[in-house]
Amino acid sequence: MMPLQRKWMVVLGGLLFLFVGCIIALSFLGNPILSFSVLSEGGDATLKEIFFNIRIPRLLMASLVGAGLSVSGVSFQSLLKNPLADPYILGISGGAALGSVLGSFLGFSVIFIQITAFIFSLLSILFLYRLASVNGRIPVHTLLLSGVIFNAFSFALILLVMSFSAMGQAQQILAVLMGNLEVTNYQTVLLLALFVGGGFLILFTQSLKMNVMSLGEEVGTSLGINLEKHRLVVFVAASMIVGASVSAAGLIGFVGLFVPHIIRLLFGSDNRLVLPASFLGGAIFLMFCDFLAKTVLTVESIQTQLPVGVVTALMGGPFFMMLLLKDKKNA
Amino acid sequence: MVRFKILILLLFFSFEVQAYERIISLKPNITELVYDLGLGSKLVGVTTYCDYPSQAQKIDKVADYVRIDVEAIVRKKPDIVLGAKENSLEKQIEFLRGQGHKVELYTFGTVAQIVSSIHSLGKTLEVEDKANNLAQKIEEAVKNYTQQAQALKIKPRLLVVVGHNPLVVVGGHNFMDELITLAGGINVVGASSLPYPTYSLEQFVAANPDMVVDLVMGTEKETSLEKFYQNFASVKAVRNKHVYKLNMDRFRASMRFLDGLGDLAELVSQFKKQ
């Protein structure tokens, strides 16, 4: 038992160190590059505002969304026994986006929008599970196909809502589809932290069961695991995270696919380690992607920022294809 | 008898060259220009966004901002369809032309283009004198604003916002950028080669504009607008209460952009007084 605990401590300690380092470094780096003087009392008010009111909340937001999408990716991959499961590819994020768009169209308050998004993502995953399972198993092609169709369907419904909206509201909907990690207050961050943190803790309690289940459902049931209950708990917790992340930051793809794979590649597939490591790794990954998205095109002659989903897709898309090719070879 | 035949022939020709009787406009600014040219009563189809002058609202709708309802247009039996090169679906335009409809497209990307489009519109619709008058009015106004702007001692650094969350602003390659300059301001994002860059909030705060003009349309209330900007207390425009909301419709590329330009120039000149 000792070596596992030590590995756990070393890996998570290292990642935590990297995570904190990233937050500190990225709150100073960017355009403009800030110096430590923003922390002093007499520092420049503009730079102080950038540091405290814009960069830090945005970094926290990126960490929470990245962490949330990664751990829900881990859970979906484990539960569906499919390495290609990712909230975005499966259409669960699309379902959450539909819920969030519908909620804001109906004029709900922020917390109710998040709850609507949660309900929609839960319904999406339950529906998808029914749709994709063949004799209790979930083959890759039915899963991906169901995801594609479900995504297309949610997007069509989002466009339907959009065509009923006024121009200003339509732009808000577009923002949800493109993904944006900017926040103007800490309340949003706090609310997201509650959803993501709570969801993560619930998932973590299931991590040992996830390990057992990976040996086969028969093994799990013979060891006394209530399969239905385990599945429901994981689905609810993961949907809670996806719903909150999507309604706060819009659609950001491939994070839930990319991060867990890298983590497993580096540290093995024990979910007790993979879950918290993906939490931290996802936070680091999305912070870094968002840093690129908001910084690379700030040169004088362009002065724009990319949607962060573009950056994650540029990294995750080719990675996904690689995995699919590998999967084909193994089959 | 021969004379009579010639007379009939002449009469026939005079009918042939007589200006168009059934006009369709595919853009709100073109609708406005058609009214300004005195031909509003000949319009048989407009877009859902054509709300000015108010009579235009009563005309049947055959298009929205980008898409056009080809069937509705064909049913109207127009003798000319007027559209803009910007934001038009080429396939639909080609289809109409293929069906033998006369479709004329104009471009309205800059003040100079507006002026030349008014001239060609007047030529096509056979109201050249009126078109010349309108064009002259624009040219004179532009000249006046240019002189006024040159006389300004303090030119505010101005940011024009067209969308929140994310912040979408007016960049360099944009008609509005030209109007900012004419009004005597300096576009803080003028160096950008994009028409509508997405500004990050850090860029917004770092750019620290003297004045913000918000053109965001739609459902947002004044209070939520104020709330949004109050998050950025260090920005000069916010601190000194130089955040203004203007109506985007008044900047349409018809004669009305002069109204919008007037609004903008007034804000700029007020800024100078303080």
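The values are calculated or read from the model by the stated rules, or taken from the named source; none is laboratory data. Everything quoted here is computed from the prediction, not taken from an experiment. Using ideal geometry, Cβ is built from the backbone for each residue, glycine included, and neighbour counts are taken over all protein chains shown. Ligands, DNA and RNA are excluded from the accessible area calculation, which covers all protein heavy atoms including side chains. Shrake-Rupley method; radii C 1.70, N 1.55, O 1.52, S 1.80 Å.
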| note | Residue span A:Leu16 to A:Asn211: 0.36 nm per residue of separation minus Cα-Cα distance leaves a gain in nm of 67.9 nm
| request: Give the percent of DSSP beta bridges with both residues in the protein assembly as shown that are antiparallel, rounded to the nearest 5. | output: 25 percent
| query | What residue among B:Ala207, B:Ala56, B:Ala135 shows peak mean-square fluctuation when chain B is described by a Gaussian network model with Cα springs under 10 Å? | reply | B:Ala207
| field | Cα gyration tensor, the protein assembly as shown - rounded (a/c under 1.5), prolate or oblate | value | oblate
| query | Which of A:Ser165, A:Ser278, A:Ser247 moves most in a GNM of chain A, Cα contacts under 10 Å? | reply | A:Ser165
| On average, how much accessible surface per residue is there in the protein assembly as shown, in Å², for a 1.4 Å probe, leaving out ligands, DNA and RNA? | 47 Å²
| Counting DSSP beta bridges in chain B, what percent are antiparallel, to the nearest 5? | 20 percent
| query | If amide H atoms are built 1.01 Å from N in the plane of the peptide, which residues on other chains or at least 5 residues away come under 5 Å of the amide H of A:Val183? | reply | A:Arg58
| Using a 1.4 Å probe, how large is the accessible area of B:His101, given in Å² and rounded to the nearest 10? | 40 Å²
| message | Rounding to the nearest 10 and keeping the result within 0 to 90°, find how far the Cα-based axis of helix B:111-124 lies from the longest principal axis of chain B. | response | 10 degrees
| the range A:56-67 - phi-based ³J(HN,Hα) in whole Hz, Karplus 6.51/-1.76/1.60, Gly and Pro as x | 5, x, 5, 5, 5, 4, 4, 4, 5, 5, x, 4
| In degrees, nearest ten, helix B:128-151 long axis to first principal axis of chain B (Cα) | 10 degrees
| note | With x for Gly and Pro, the residue-by-residue ³J(HN,Hα) of the range A:308-313, computed from phi through the Karplus equation 6.51 cos²θ - 1.76 cosθ + 1.60 at θ = phi - 60° and given in whole Hz, is 4, x, 5, 5, 5, 5
| field | With Cα atoms, 0 to 90° folded angle of helix A:140-163 axis to chain A main axis | value | 40 degrees
| request: Measure out, as a whole number of angstrom, how far apart the alpha-carbon centroids of the range A:58-84 and the range A:1-51 sit. | output: 22 Å
| Who wins for biggest fluctuation among B:Glu32, B:Glu178, B:Glu226 in a Gaussian network model of chain B, springs between alpha carbons below 10 Å? | B:Glu226
| task | Ignoring everything but the protein chains, give the 1.4 Å probe accessible area of A:Ile302 in square angstrom, nearest 10. | result | 50 Å²
| remark: With -39,500 (n - 2.57) per DSSP H segment of 4 or more residues and division by the full residue count of the protein assembly as shown, the 222 nm estimate, nearest 500 deg cm²/dmol, is -20000 deg cm²/dmol
| B:Val168 long-range amide H proximity, modeled H, under 5 Å | B:Val162, B:Gly163, B:Tyr199
| query | Quick one: ranking A:Glu41, B:Glu139, B:Glu86 by accessible area, 1.4 Å probe, largest first, what do you get? | reply | A:Glu41, B:Glu139, B:Glu86
| request: Taking the Cα centre of chain A as origin, work out the dipole magnitude from +1 charges on Lys and Arg Cβ and -1 charges on Asp and Glu Cβ, in debye rounded to 20. | output: 820 debye
| field | Cα-centre dipole for the range B:74-228 with unit charges at Cβ (Lys and Arg positive, Asp and Glu negative), debye to 20 | value | 300 debye
| DSSP beta bridge pairing in the range B:129-274, given as percent antiparallel to the nearest 5 | 30 percent
| task | Could you tell me what percent of the accessible area of the range A:1-147 is made up of carbon and sulfur, with a 1.4 Å probe and every protein chain present? | result | 74 percent
| query | Among rounded, prolate and oblate, which fits the range B:140-242 when a ≥ b ≥ c are the square roots of the eigenvalues of its C-alpha gyration tensor, a/c under 1.5 means rounded, and a/b larger than b/c means prolate? | reply | prolate
| query | For the protein assembly as shown, with the dipole built from +1 on Lys and Arg beta-carbon atoms and -1 on Asp and Glu ones, taken about the Cα centre, which of B:Gly122, B:Gly262, A:Met167 lies farthest toward the positive end? | reply | A:Met167
| field | Local electrostatic count at B:Gln57 - Lys and Arg +1, Asp and Glu -1, tallied over other residues with Cβ under 14 Å | value | -2
| request: Take the alpha carbon gyration tensor of chain B, find the square roots of its eigenvalues, order them as a ≥ b ≥ c, and report rounded if a/c is under 1.5; if not, report prolate when a/b exceeds b/c, else oblate. | output: prolate
| task | Mind grabbing the interface size between A and B? I mean buried accessible area, both sides, 1.4 Å probe, in Å² to the nearest hundred. | result | 2500 Å²
